[in-house]
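Below is one structure, written out as structure tokens; comments come after it.
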Amino acid sequence: MQAPSVGGVQAPRGNGQTIRLPRGASLSDFADKIGANPASLVQIMLHLGEMVTATQSVTDETLQLLGAELNFDVQVVSPEDEDRELLESFSIEFGEDEGDEADLEVRPPVVTVMGHVDHGKTKLLDAIRDTNIVAREAGGITQHIGAYQVKTEVDGQERKITFIDTPGHEAFTAMRARGADTTDLVILVVAADDGVKPQTTEAIDHATAAGVPIVVAVNKVDKEGADPQKVRAQLTEYGLVAEEYGGDTQFVDVSAKQGTGLDSLLEAIVLTADAELDLRANPNMSAQGIAIEANLDRGRGPVATVLVQRGTLRIGDSIVCGEAYGRVRAMLDDTGNNVDEATPSRPVQVLGLTAVPRAGDNFIAVDDDRVARQIAQQRAARLRNAELLKTRGRRTLEDIFKDLEKGAVEELRLIIKGDVSGSVEALEDALVKIDVGDEVDLRVIRRGAGAITQDDVNLAIASDAIIIGFNVRPETKARELADREGVDIRFYSVIYQAIEEVEAALKGMLKPEFEEVQLGTAEIREVFKVPKIGNVAGSLVRSGKIVRNSKARLLREGVVVSDNLTVSSLRRFKDDATEVREGFECGIGIGYSDIRVGDVIETFEMQEKPRV
Ligand code: GDP
């Protein structure tokens, strides 16, 4: 070990050896790995021109930069990489179809509906479901399970399409953020009477970033003032050029309300998928896919809707889904009918898991229960470690880097538990959008569906977090522990209430803001020289009162001559006074000698300002 070159800061240097760090690691994590003092790494980064705190999560580039400087080969490992390695240790490869070309069969496209609020996403999803659902003949009643499948006829062939039943790009991006690319194709809904709006273009950005083709549904064509051509013209600016304008994007005029144009829309989806995508999967392997929604059902226990991506899922299969595992006890489709097997692109509700997975968790059918359990347990352990890692070290940051921190950042940490993962995500999205300025951070350190467990409370203790229960209650043991340790658990059943309270809590945590309140003014009538004190202003109090030790400034013809002064002495005749009121004469010392007759001394104090 030798001292590094940077600014003489002491930190161990490597000799090119590899260190692995999780994505989003902090300098503290880095310091841990190499046995260094986090403070030294902060200083080195400062020398390298980056100001970061020890516990702040930094980018891959920063980790690499620091690694290069200290001669370590930094490998940034994403959670997905870690999971892949875990599965590999069980000889499981997630995301790959087994076999070769000949084993692949065409599968239906999986579609997400996006677009601006109120342009009719929900209505469109409902309309399509109501008219075309696959299992309608079976006489079932439609159930909202997070996805459904419809069939349509294109060129004399029956084709299926799977719709993800949660509109909007929050669900889409939340899943993508977790590495779960479920969507093959996006339907962009644009209301013909409203045209392109901010969320329209956001949706285009998301779809483009994901490399997912777009079919445009120009909705509400039944409305007066609807101008479908204008929508086409507007969207050309965003690279979506309709076929009739010489482009290759399918635009379909629809009315979700009247149910018109829906068949054409379905056809456009199939044609676009055929033209632009090669959607095939091997149905003859152990099933793999993604959980798209999950909740805790009072009677049935954990229920998860999974989208099979490859392979075939059957009753009795041992599966692992995120940190949950179990055996498929029963499967239900979007009409509530029992299903024995689910092939690629088929969404089904699965019963039999030990816990509630999160939306975006992958699920894998494995050879036996033991493997499922081991994978689930290792994932749970890893998650717990990562959570602990995230919460550790805040205090030391404040101790060591007080001087580096300009107005230390305070943080409100939350653990959100809810009845369904969808509502947890919606709540989290809403909470992190609360605007309380830069001074306070809100961080969700754990989220999940299901009851509040002892483990949640333990995490809250370890990290000073508040637990939010949305339509869920704590287990008895968890409640006892929380009571004993003074962990704050708050219950809500309405999202906006939760948001309001958290907002209030955040405001309460804000360091008080101060504002200046004027106390009084005095006009200087005479200047006395007093030995040891200096010049004293013989003054008349013009307004309010002059208070000893209050803050003061000196004004000359309305201009501040000197600020940041203090009323250091105050006298009425020969006696010291603590305050002198309006209309009285007094001698004021403000520790400033260039005072002149006619100047005004203004005094004020700083008062805490209530947050609005
Ligand atoms: P979302 O926010 O995109 O999910 O929009 P909604 O599906 O909730 O629809 C917003 C409003 O537009 C609702 O009042 C719908 O009834 C109405 N709406 C949706 N589609 C149509 C349509 O095709 N024609 C008309 N006239 N109204 C529609």
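The values are calculated or read from the model by the stated rules, or taken from the named source; none is laboratory data. Here the structure is a predicted model, which means the values were calculated and not measured. Ideal geometry is used to build each Cβ from the backbone, glycine not excepted, and the neighbour counts take in all protein chains shown. What goes into the accessible areas is simple: the full protein's heavy atoms, side chains included, and nothing from ligands, DNA or RNA. Shrake-Rupley method; radii C 1.70, N 1.55, O 1.52, S 1.80 Å.
Applying the criteria of a DSSP loop state and at most 12 other Cβ atoms within 10 Å to the trypsin sites (Lys or Arg not before Pro) of the range 267-324 yields ARG298. Between ASP575 and GLU503, the FRET efficiency from the beta-carbon distance, with R0 = 60 Å, is close to 0.70. Hey, what angle do you get for helix 262-276 against the long axis of the chain, alpha-carbon based, 0 to 90 degrees rounded to 10? That helix lies at roughly 90 degrees to the long axis.
For the chain, the solvent-accessible area works out to 48 Å² per residue, with a probe of 1.4 Å and every protein chain left in place. DSSP beta bridges fully contained in the chain are about 65 percent antiparallel. Loop-located trypsin sites (Lys or Arg not before Pro) in the range 188-252 (DSSP state other than H, G, I, E, B) with a sparse environment of at most 11 neighbouring Cβ atoms within 10 Å are absent.
Pop out the carbon and sulfur fraction of the accessible area of the chain as a percent, whole number, probe 1.4 Å. On the chain, the fraction of accessible area on carbon and sulfur atoms equals 45 percent. Each residue of the chain gets 247 Å³ once the volume of the Cα convex hull is shared out per residue. Based on the alpha carbons, how large is the Rg to Rh ratio for the range 108-278 when Rh follows Kirkwood? The Rg/Rh ratio comes out at 0.94. Of the GluC sites (Glu not before Pro) found in the range 531-605, those in coil by DSSP whose Cβ has at most 16 other Cβ atoms within 10 Å are GLU557, GLU582. What FRET efficiency comes out for LYS33 versus MET606 if R0 is 35 angstrom and r is the Cβ-Cβ distance? Round to the nearest 0.05. It comes out at approximately 0.20.
Measuring r between the beta carbons of GLU585 and GLU515 and using R0 = 30 Å, the FRET efficiency lands at 0.50. Across q = 0.19 Å⁻¹, the range 209-349 modelled as identical point scatterers on its alpha-carbon atoms has Debye log10 I(q)/I(0) values of -1.05, in the order of the q list. If you bin all the Cα-Cα distances of the range 81-123 at 10 Å, starting from zero, the percentages per bin are 20, 23, 25, 22, 10. Distance between the modelled labels on VAL106 and ASP455, one decimal in nanometres: 4.4 nm (7 Å Cα→Cβ projection).
Here the range 421-436 and the range 245-274 have alpha carbon centers that stand 33 Å from each other. Helix-only arithmetic for the chain: the sum of -39500 (n - 2.57) across DSSP H runs with n ≥ 4, divided by the residue total, places the mean residue ellipticity at 222 nm at -8500 deg cm²/dmol. Pairs of alpha carbons in the range 513-609 separated by more than 18 Å make up 37% of all such pairs.
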